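Here the structure is laid out as structure tokens; the discussion comes afterwards.
The values are calculated or read from the model by the stated rules, or taken from the named source; none is laboratory data. Given the structure is predicted, the values throughout are model-derived calculations rather than measurements. Cβ sites come from the backbone with ideal geometry, for glycine too, and all protein chains shown count toward neighbours. When the accessible area is computed, the model is the full protein with side chains, heavy atoms only, and any ligands, DNA or RNA have been set aside. Shrake-Rupley method; radii C 1.70, N 1.55, O 1.52, S 1.80 Å.
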Amino acid sequence: MLYGLPEIDGIVSLARYLRLSPTTVYRSAFFPRYRTVTVKAGRKTREIQIPSWRLRRIQRWILHNLLRPVPVDQHATAFRGGLGISPLTANTTPHRDQVYFVKFDFENFFGTITVPRVAGVFKHLGYTGRGLDCLVRLCTYQGALPIGAPTSPALSNIVCYRLDRRIAGVVEPRGIVYTRYADDITLSAKNLDALNRAVPLVRKIFEEEGFRENRQKFRRMGPRVQRKVTGLILDPEQGFGIGRDRYRRLRAAVHRYQVRGTAAENLAGMLAYVKSVDEKRYQKLAKLYQGSR
């Protein structure tokens, strides 16, 4: 097996690793239970398939023991451990000194990673026959990756390995920086012409690799507009961070806490987020917040 992964030839051997009965594993694989919840994503809504607690337990074992050891491309910044910094910071830092940006977004990202593509991942890892069938069934739902399954993000990064390598191979010799945060792709450069010429080449790779671009979310950004990447804003002097407007709103929320003694919902959580992506502004907000407690 690649990467020294456990050998799994069917439900019985997988059940032994999981310390569950073969019947439980069989039911989870062939009769998976999910509940669908609808969440807001900006102005739109998104449906998320949440696996049952028992299926989620099995998926977490697969994630930690079969998928985490598999290397992914360095340009993929989401859903990865061991980076030493937050994934958002890892995604924006390479673009800090750039001038011009383009952003792409995929349509129905997890939905385009279908059963055959997931099976291809496990085949590459050395799984065959009943073991392969069981693992694929446990990680897919209604023919594709379910958004809420613990295994889906890691599988998406593995599936996108060739996509990442191909895009990097095309754009980096042209002086263009590339990162991918899940389905959010960013290219940046100091040379606008080189960046513009790369756009159709990248789109061709999307098509050849079986992904659909959401053209409505395509963006070009330059020095005269706010340059925003995965929610963080570029300040030419400070690099990427939460931006002045968001900082002012948070500062106002902390001030209200000082005056009224009531904090905005999840104020501490918002400050923790700022700490992970914008240390300088976090230090300013933290002094105010701690001084008012």
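For region 1-57, taking the residues that are assigned to a helix (DSSP H, G or I) and among the polar types (S, T, N, Q), the one that is nearest to the chain's Cα centre (by Cα) is identified as Ser28.
Kindly check whether there is at least one residue in region 127-141 that is of a type in the set (Phe, Trp, Tyr), in a helix (DSSP H, G or I) and crowded, with 20+ Cβ neighbours inside 10 Å. There is no residue in region 127-141 that is of a type in the set (Phe, Trp, Tyr), in a helix (DSSP H, G or I) and crowded, with 20+ Cβ neighbours inside 10 Å.
Sort out which residues of region 166-187 are over 14 Å from Phe211 (Cα atoms), in contact with a Ser or Thr (Cβ under 8 Å, 6 or more places away or on another chain) and open to solvent by 10 Å² or more (accessible area, probe 1.4 Å), and write them in order of number.
Looking only at region 166-187, we keep the residues that are over 14 Å from Phe211 (Cα atoms), and these are 168-179, 181, 186-187.
Now restrict to residues that are in contact with a Ser or Thr (Cβ under 8 Å, 6 or more places away or on another chain): 176-179, 181, 186.
Matches in region 166-187: Val177, Tyr181.
Hey, among the residues in region 58-68 that are more than 13 Å from Pro146 (Cβ to Cβ) and not hydrophobic (A, V, I, L, M, F, W, C), which one's nearest to the chain's Cα centre (by Cα)? Going through the qualifying residues, I end up with Arg68. For region 67-123, a tally of residues being assigned to a helix (DSSP H, G or I), at pLDDT 95 or above and of a type in the set (S, T, N, Q) returns 1. The one condition from (1) among the aliphatic types (A, V, I, L, M); (2) open to solvent by less than 60 Å² (accessible area, probe 1.4 Å); (3) within 28 Å of Ala272 (Cα to Cα); (4) out of contact with any strand residue (DSSP E or B) (no Cβ under 9 Å at 6 or more places or on another chain) that Leu20 does not meet is (3). Residues that are under 30 Å from Leu285 (Cα atoms) and among the aromatic types (Phe, Trp, Tyr) do not occur anywhere in region 201-220.
Among the residues of region 8-17, those identified as open to solvent by 70 Å² or more (accessible area, probe 1.4 Å) and either in contact (Cβ under 8 Å) with a residue 40 or more places away in the chain or under 26 Å from Gln142 (Cβ atoms) (or both) are Asp9, Tyr17. Scanning region 54-70 for residues being surrounded by 15 or more Cβ atoms within 10 Å (Cβ to Cβ) and out of contact with any helix residue (DSSP H, G or I) (no Cβ under 9 Å at 6 or more places or on another chain) gives a total of 1.
Could you tell me which residue of region 250-278 is modelled with the lowest pLDDT, considering only residues that are among the charged types (D, E, K, R) and surrounded by 13 or more Cβ atoms within 10 Å (Cβ to Cβ)?
Within region 250-278, the subset among the charged types (D, E, K, R) is 251, 256, 260, 265, 275, 278.
Within this subset, residues satisfying the condition of being surrounded by 13 or more Cβ atoms within 10 Å (Cβ to Cβ) are 251, 256, 275, 278.
Working: Arg251: 85, Arg256: 78, Lys275: 87, Asp278: 86.
Among residues in region 250-278 that are among the charged types (D, E, K, R) and surrounded by 13 or more Cβ atoms within 10 Å (Cβ to Cβ), the one modelled with the lowest pLDDT is Arg256.
At least 1 residues being at negative phi and in contact (Cβ under 8 Å) with a residue 60 or more places away in the chain is the threshold, and among the helices (runs of 4 or more DSSP H) wholly inside region 194-293 those reaching it are 267-277.
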